[in-house]
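What follows is a single structure, written as structure tokens, with notes after it.
The values are calculated or read from the model by the stated rules, or taken from the named source; none is laboratory data. Everything numeric here is computed off the predicted structure, so don't read it as measured data. Glycine also receives a Cβ, built like all others from the backbone with ideal geometry; neighbour counts cover every protein chain displayed.
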Amino acid sequence: MSAATIDAPVAAPAHDGRIGPRANLRHISALARRNMLQIKADPESMFDAVLMPVIFILLFTYVFGGNIAGKGHEQEYVNYLVPGLMAMMGMNIAMAVGTGVNDDFKKGVMDRFRTMPIARSSVLIAKIVVEAGRMLVATSILLAMGFALGLTVHTSVLHLLAAVALAMAFGASLMWIFILLGLTMKTAQAVQGVAMLVLMPLQFGSSIFAPTTKMPGWLEGFTKYNPLSNLADAARNLINGGPVAHSVWMTLAWAAAITLVTAPLAVSKFRRKT
Amino acid sequence: MSVPPGTVVGMTRNDIPRRGGNAVEVRGLVKHFGATKALDGVDLDVREGTVLGVLGPNGAGKTTLVRCLSTLLRPDAGSARVAGYDVLTQPRQLRRVIGLTGQYASVDEKLSGVENLYMIGRLLDLSRKDARRRAEEMLERFSLTEAAKRPAMQYSGGMRRRLDLAASMIGQPSVLYLDEPTTGLDPRTRNEVWTEVQRMVAEGATVLLTTQYMEEAEQLADELTVVDRGRVIAGGRIDELKAKVGGRTLQIRPADRAELARMAEAVELAGLAGLAGATADEAEGVVNVPIVSDEQLTAVVGLLGERGFAISGISTHLPSLDEVFLAVTGKKASTGAEPADATGSDDTIRTDAPEEVAA
């Protein structure tokens, strides 16, 4: 470096140190690029997004399908299952964010980010952007598998896309919960353990896999307020036709509420983390 | 690679609001972790353009100090200003002018060297083109061009540390924190890091360096602050402190061990200027001569040659951290892991590697 470069012009920083929206966007994209390069360097980290939809759809279609829709009618179950799995997929991918954030913190690179003139939230938002991408990959594979097994869209492509978008929006809100968990728990294993405890009842106590009408009353009541049921029902009715207003609004309300509560908590936790 | 002048943008040292004063001012800084007082009222100044060495054993509070000064930790009490910005009230401005290289590599290990540096350039608001160019410039400067495309995970310890330094330098910080930059490095790599630090200082950076090695402090620092258990226990210019501690020790190993006593006596009685206290260390088989200058070293070796002594080895030793502590406080250095009165603390406190002289 020559002396001349030291006296180089300054990129007019805002002097109160505030980060403008354009700079913020640039930081988020630079950090998102980092997360993508990490995936490129470690392709195995995509296994869950790629294999989970394949395994789940095959497993549930052939294990439950005959029982629920009647032997030989598994194909009909696919139309019930795929929208449900869209909800489940979002949740499972979101879970990986928590362990990822937890892992990240053990490395010194987080210290570097936190001593740089960037909004601290940008590190977390970049993570969410890239995880949403992973979610999209998983959902695409799920739909491709669904079509191969006989999924038919009774409405329109736009409805299908709306269902995907809804699942993504809800999934993104879940990520804040898991980021918060990842920042709070000591180890990635602990994050996974707690996440599983929460996820199992939420996933199975919902309309993801089977209609809730044959469940005992108290459980049916629970499923009505389970956001995963709302999302599954919304996606189902968007794809198969049916009333969507209530379930869509419920899902969006859940997503908004979860984000509004957990995102500020996660960012503040991130800021204070030592 | 040559870069046309005036092409690199980013913060420069010209941004220090106040010139000629202290780049870092710390007053009464306190940080507790539960019942542990990691910092117990630390005061220190780093003059602009100089290197302050913060010397202390493990657990003395060195890293906590650096983390407070780089906005990673919020001090419980006291104040600190860096480049004129208050650590507590102006963290965002402060982050624009500092660089931090910790004891552990703070680069993304899955990313290659060039990807890491490009990312940091972008985070510092360089354009794509400038970020790319600056990354290449830094890789070149830190001799990492050949490894530029390899993931940092595959780098050796020294390469990682260099990449870390390069990452800290992308933004041309006016104040650089180096937290034990050579801990765990082999001597050759350590020298490489030293050379780089000296270069940064020559270019005008202000450096706060924490270390456990007296030798490192002597190589790099203008002034020294000795810390122990979260408190500053001594401070001043290196030569002042060294005068207190007593300079180096010259160790001469006679080819024939039987000559030890005679050799020590010869040095002692020769009446060389400023030289006194030569002793024979029977256990080690060496004669120890305290010296304060290179001239004395030459004189002693010359004298022994004239008197016909056969010498099989010569080395000089800087005072160890232990000896410094002993000199400034009259007690042994304590470590975070052990009580101060623990015996046999030699393995928890690193002493300086002998500095080889021609033999």
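Remarks
- Condition broken by B:ARG199, with the remaining ones in (1) facing chain A (nearest Cβ under 9 Å); (2) surrounded by fewer than 23 Cβ atoms within 10 Å (Cβ to Cβ); (3) under 21 Å from the mean Cα position of the chain (by Cα); (4) touching a residue at least 12 places away in the same chain (Cβ under 8 Å) satisfied: (4)
- Qualifying residue in segment A:42-49 (condition: crowded, with 18+ Cβ neighbours inside 10 Å and among the charged types (D, E, K, R)): no
Yes/no matrix, rows are residues, columns are (1) in contact (Cβ under 8 Å) with a residue 12 or more places away in the chain; (2) within 15 Å of A:MET86 (Cα to Cα); (3) more than 19 Å from the chain's Cα centre (by Cα):
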residue	(1), (2), (3)
A:ILE177	yes, no, no
A:GLY193	no, no, no
A:VAL198	no, no, no
A:LEU202	yes, yes, no
A:SER206	yes, yes, no
A:GLY221	no, no, yes
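- Residue, farthest from the other protein chains (Cβ to nearest Cβ), within segment B:33-74, restricted to residues that are more than 28 Å from B:GLY184 (Cβ to Cβ) and at pLDDT 90 or above: B:ASP43
- When B:LEU275, B:LEU260, B:LEU250 are checked against the criterion of being crowded, with 19+ Cβ neighbours inside 10 Å, touching a strand residue (DSSP E or B) at 6+ places or on another chain (Cβ under 8 Å) and modelled with pLDDT under 85, B:LEU275 stands alone in meeting it.
- The single condition among (1) free of Cβ contacts under 8 Å to residues at least 24 places away in the same chain; (2) polar (S, T, N, Q); (3) within 12 Å of chain B (Cβ to nearest Cβ) that A:SER140 does not meet is (3).
- Annotation: B:ASN58 fulfils all but one of (1) part of a strand (DSSP E or B); (2) within 20 Å of B:VAL227 (Cα to Cα); the unmet one is (1).
- Meeting the requirement of 1 or more residues that are within 21 Å of A:THR251 (Cβ to Cβ) and within 10 Å of the chain's Cα centre (by Cα), the helices (runs of 4 or more DSSP H) wholly within segment A:74-149 are A:74-106, A:120-148.
- Taking strands (runs of 3 or more DSSP E) as the structural unit, those lying wholly within segment B:220-284 and holding at least 3 residues that are without any contact (Cβ under 8 Å) to a residue 40 or more places away in the chain correspond to B:279-281.
- Counted residues, segment B:145-170 - those being assigned to a loop (DSSP other than H, G, I, E, B) and surrounded by fewer than 24 Cβ atoms within 10 Å (Cβ to Cβ): 5
- Count of residues meeting criterion [more than 30 Å from B:ALA152 (Cα to Cα) and touching an Asp or Glu at 6+ places or on another chain (Cβ under 9 Å)] in segment A:109-168: 2
- Any hit, segment B:78-88, residues being in a helix (DSSP H, G or I), more than 12 Å from chain A (Cβ to nearest Cβ) and more than 24 Å from A:GLY20 (Cβ to Cβ): no
- Checklist (1) surrounded by fewer than 18 Cβ atoms within 10 Å (Cβ to Cβ); (2) in contact (Cβ under 8 Å) with a residue 60 or more places away in the chain applied to A:VAL82, failing item: (1)
- Tally, over segment B:215-247, of residues that are modelled with pLDDT under 80 and crowded, with 23+ Cβ neighbours inside 10 Å: 1
- Unmet criterion (only one of (1) part of a helix (DSSP H, G or I); (2) under 22 Å from A:MET175 (Cβ atoms); (3) in contact (Cβ under 8 Å) with a residue 24 or more places away in the chain) for A:ARG236: (2)
- Residue list for segment B:113-126, filter: under 19 Å from B:MET159 (Cβ atoms), within 8 Å of chain A (Cβ to nearest Cβ) and in contact (Cβ under 8 Å) with a residue 40 or more places away in the chain: B:ILE120
- Only listed residue being among the hydrophobic types (A, V, I, L, M, F, W, C) and more than 14 Å from chain B (Cβ to nearest Cβ), chosen from A:ALA96, A:ALA119: A:ALA96
- Hits in segment A:25-42 (condition: under 19 Å from the mean Cα position of the chain (by Cα) and without any contact (Cβ under 8 Å) to a residue 60 or more places away in the chain): A:ARG33, A:GLN38
- Residues in segment B:127-145 that are within 9 Å of another protein chain (Cβ to nearest Cβ) and over 22 Å from A:ALA23 (Cβ atoms): B:GLU137, B:ARG141.
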